[in-house]
Structures are given as structure tokens and as C-alpha cells.
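Participant: The structure is given below, and queries will be raised subsequently.
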Amino acid sequence: MRMLLKNACCFLGLSAILLACGNDKPARETQEQPASPTVTRLEGVEAPGFNADSAYSYIEKQLSFGPRVPNTREHQQAGDYLINKLKDFGAEVTVQNFEATAFDGTVLNLRNIAGSYNPEASKRVLLAAHWDTRPFADKDPDESRQRQPIAGANDGGSGVGVLLEIARQLNQNQSYQVGVDIIFFDGEDYGEPEFMDEEQKERQIYWCLGSQYWATNKHKRNYSAYFGILLDMVGGKDAVFYREGYSREMAPSVIKRVWGWAHELGHGRYFKYDNSEPIIDDHLFMNRAGIPSIDIIEYDPASDFYFGDYHHTHKDDMSIISKETLKAVGETVIHSVYHEPAPRVQ
Ligand code: AHN
Ligand code: ZN
């Protein structure tokens with residue numbers, strides 16, 4: 001209550017279900033916020049506020065290294081930054097170094113980066129995003145630039161930015177009742193380019209190299225989680241998230257819970273109850289690893305582009321990132337974690 005009074009900007013909903021407080025003290029737009037005094041209460045559970053300025057600054061920081069393409073110095077440096085950031089935010093960090101062969105035979109040096117909170121807890125929630133970026137802008141309208149790597153603000157940067165902000169909040173407010181693992185998967189976006197001949201493409205999946213590796217070599221022995229949430233392209237202005245095919249098939253109850261929190265929090269305009277087809281993404285391999293997992297991914301079956309028009313083009317830079325979208329996703333995921341009850345005692 002102390003915090004609520006301090007923020008004289010609280011709004012008490014008619015049904016007294018939702019107490020939403022205003023933002024942290026305004027600071028420079030792109031600055032990470034020091035402490036977050038905001039809190040949201042929903043159905044008797046208090047969860048820390050999600051600071052979209054902070055998440056935004058983590059996306060900018062990732063882009064400052066350059067494209068995070070495997071086997072480059074920029075990729076190496078960005079990975080080191082993520083490891084340090086998770087450590088700063090009090091996580092127990094595990095790094096998986098491994099090699100994977102790309103569609104063209106290139107051997108990629110990859111790293112999956114995992115940060116664990118409450119590492120001893122048996123009941124766990126897994127939050128994930130890919131941190132690498134696409135080596136080519138193969139859908140860019142300018143053919144002469146299709147072989148150049150993209151900045152990946154939304155595709156790569158946004159999921160990581162939201163999860164870093166959640167890591168910061170987990171460290172500050174330890175009232176959650178489960179263990180939480182944040183995993184940044186590498187090598188998601190190294191799939192065959194559009195400009196490659198169809199006949200040359202193989203049946204093997206060359207997307208999601210990091211999660212494919214992780215599914216058979218977990219970061220911890222006998223690791224499992226109660227459920228998983230993957231974030232992919234969660235920062236686009238006016239993004240829409242449909243109930244994606246594999247998520248519906250393999251984790252219907254997780255969709256139900258997460259979409260439920262989104263709607264209770266007032267983010268229904270982002271989280272649609274309509275269905276979309278299955279999309280190959282890291283959550284497929286999280287599911288194959290036995291963890292019921294969903295993908296929160298911008299994908300609009302009603303649009304000409306399906307993914308946004310920026311997807312795998314040079315348009316995917318900070319100019320398409322919306323703090324409102326980041327906030328809608330971040331708040332929804334935070335509530336999904338803080339509302340998850342402790343395991344029942346035997
Ligand atoms: C495919 O296009 C096969 N999967 C989309 C997954 C993806 C790419 N997410 C980000 N970039
Ligand atoms: Zn991509």
C-alpha cells in the first residue's frame with residue numbers, strides 16, 4: 001500500500017479488480033530506469049510494473065553492437081553483454097557453447113544463454129526469445145541490399161529487450177512462487193534465404209538451431225518446466241498476436257491463461273482470439289522437449305505480409321518499435337509468472 005500511496009496516480013477500477021499505477025518518474029526516453037516503484041494488482045496478486053522505456057533501451061543497446069549474426073564480432077560482443085546483464089540482474093547464468101551446421105554448410109559457433117531465478121524450485125516457468133539476427137534482408141524490396149544483414153530491432157531485439165526488463169523486475173520483486181528461467185536462443189534466424197532455389201532446400205529445418213540443440217542438450221540435467229512462453233517480434237507498432245497453430249495444438253491451456261491475463265490487463269487489441277497457422281519457431285522445439293509452450297509472435301493472416309512488412313528487410317530498425325506494444329507484452333508475461341501458484345505440497 002505504501003507504494004500505491006506514494007504514486008498518487010492510482011486508479012481504482014469499479015470492480016476493485018485492477019489497480020493500475022502510472023509510470024515510473026519520467027526520465028530520458030531511452031534511459032534504463034533505476035528502480036521501478038510501479039505495481040499492478042490483479043485478482044489479489046501484486047506484480048511489478050513493466051517499464052517499457054527500459055525494455056526499449058535494451059533493444060537500442062543490442063542494435064548498438066550491429067547485426068548479431070553468428071560468427072561475427074558483433075554477435076560475440078552482444079552475447080557477452082546479455083550474459084553480463086543477466087548476472088547484473090541476479091540470475092544464475094549458464095552458457096551453452098556449441099557448433100551447428102547452417103543450410104549452406106557453414107559451421108556456426110553459437111551460444112544459448114540461460115538465466116535462472118529461484119534455481120532450486122521444482123516448478124518452473126520458461127521464458128525465451130532468440131538473440132541472433134538474420135544474416136540477410138532476403139525480403140527487402142531493394143534487391144541489391146538483400147544479402148546484407150538486418151538490424152533486427154523487432155526480429156531478435158524486442159523479445160530479448162522485454163525479457164531483460166522482466167529479469168530486472170524479477171530481481172527487484174521476489175514475490176513470485178515458482179522458479180523462472182530466461183533463455184536466449186542463438187541461431188534461430190539462419191534459415192534458408194528466399195533467394196535460394198527451392199530444389200536446393202532440404203527437408204531438414206535450418207531455423208531454430210539454438211533451440212534444436214537445447215531440446216536434446218538442456219542447460220541443466222533433467223531440466224523441465226511447467227510451461228513456456230516464447231517472445232518473437234513483440235515490439236512492432238500495432239502488432240497483433242494470434243493464437244498460433246503449434247501453441248494451440250501443444251499448449252492450449254497456456255494460451256488460455258496468457259490471453260486471459262492480456263485481456264484482463266486491457267491488452268485485448270494486441271492479443272486476438274483468432275487462430276493462425278503453425279509457424280516454425282523455437283517454441284516447437286521447447287514443446288518437443290516436453291514443455292507445453294506458446295509463441296507470442298506478430299503474425300497477421302489477414303495482412304498481405306503475414307509477418308509485418310518490415311520482416312527480414314532493412315525496415316526492421318528502432319523506427320518500427322512501439323513502447324505501447326512492449327508494455328502490453330511485458331505486463332502480460334509478468335502477470336503470467338507472478339500469478340502462477342507454488343506447487344501443491346504432497
Ligand atoms: C519461418 O519463417 C519458417 N519461421 C519464422 C520464424 C522466425 C523468423 N521468427 C523470426 N524470424
Ligand atoms: Zn527472422
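The values are calculated or read from the model by the stated rules, or taken from the named source; none is laboratory data. The structure presented is a predicted model; accordingly, all values stated were derived computationally and were not measured. Virtual Cβ from ideal backbone geometry, glycine too; neighbours counted across all protein chains shown.
Participant: Could you grab me the full set of residues in the stretch 206-217 that are within 19 Å of the chain's Cα centre (by Cα) and either within 11 Å of ligand 1 (Cβ to nearest atom) or within 16 Å of Asn287 (Cβ to Cβ) (or both)?
Facilitator: Across the stretch 206-217, the qualifying residues are Trp207, Cys208, Gly210, Ser211, Gln212, Tyr213, Trp214, Ala215.
Participant: Can you tell me which residue in the stretch 292-320 is surrounded by the most Cβ atoms within 10 Å (Cβ to Cβ), limited to those that are within 13 Å of ligand 2 (Cβ to nearest atom) and farther than 20 Å from Phe195 by Cα?
Facilitator: Restricting to residues being within 13 Å of ligand 2 (Cβ to nearest atom) and farther than 20 Å from Phe195 by Cα, the top hit is Asp295.
Participant: Does the stretch 101-145 hold any residues that are in a loop (DSSP other than H, G, I, E, B), in contact with a Leu (Cβ under 7 Å, 6 or more places away or on another chain) and crowded, with 24+ Cβ neighbours inside 10 Å, and which are they?
Facilitator: Trp131
Participant: Of Lys327, Lys323, Lys315, which residue is over 19 Å from Tyr246 (Cα atoms) and within 16 Å of ligand 1 (Cβ to nearest atom)?
Facilitator: Lys315
Participant: Just need a number here: residues in the stretch 272-282 that are more than 10 Å from ligand 1 (Cβ to nearest atom) and not in a loop (DSSP other than H, G, I, E, B).
Facilitator: Within the stretch 272-282, residues that are more than 10 Å from ligand 1 (Cβ to nearest atom) and not in a loop (DSSP other than H, G, I, E, B) number 4.
Participant: Moving on to the next point. Just to be sure I understand, how many residues within the stretch 260-269 are surrounded by 22 or more Cβ atoms within 10 Å (Cβ to Cβ) and part of a loop (DSSP other than H, G, I, E, B)?
Facilitator: 0
Participant: Filter the stretch 165-180 down to the residues that are crowded, with 21+ Cβ neighbours inside 10 Å and either hydroxyl-bearing (Ser, Thr, Tyr) or free of Cβ contacts under 8 Å to residues at least 24 places away in the same chain (or both) and list them by number.
Facilitator: Of everything in the stretch 165-180, just one residue is crowded, with 21+ Cβ neighbours inside 10 Å and either hydroxyl-bearing (Ser, Thr, Tyr) or free of Cβ contacts under 8 Å to residues at least 24 places away in the same chain (or both), namely Tyr176.
Participant: May I pose another question? Restricting attention to the stretch 254-291, and to residues there that are acidic (Asp, Glu) and within 16 Å of ligand 2 (Cβ to nearest atom), which single residue is nearest to Leu126 (Cα to Cα)?
Facilitator: Looking at the filtered set, the residue picked out is Asp282.
Participant: Would you check which residues across the stretch 146-183 are in contact with a Lys or Arg (Cβ under 6 Å, 6 or more places away or on another chain) and part of a loop (DSSP other than H, G, I, E, B) and list them?
Facilitator: Ile150, Val178, listed by residue number.
Participant: Right, something else. Of all residues being outside any loop (DSSP other than H, G, I, E, B) and modelled with pLDDT under 95 in the stretch 184-215, which is surrounded by the most Cβ atoms within 10 Å (Cβ to Cβ)? Just the residue, please.
Facilitator: Gln200
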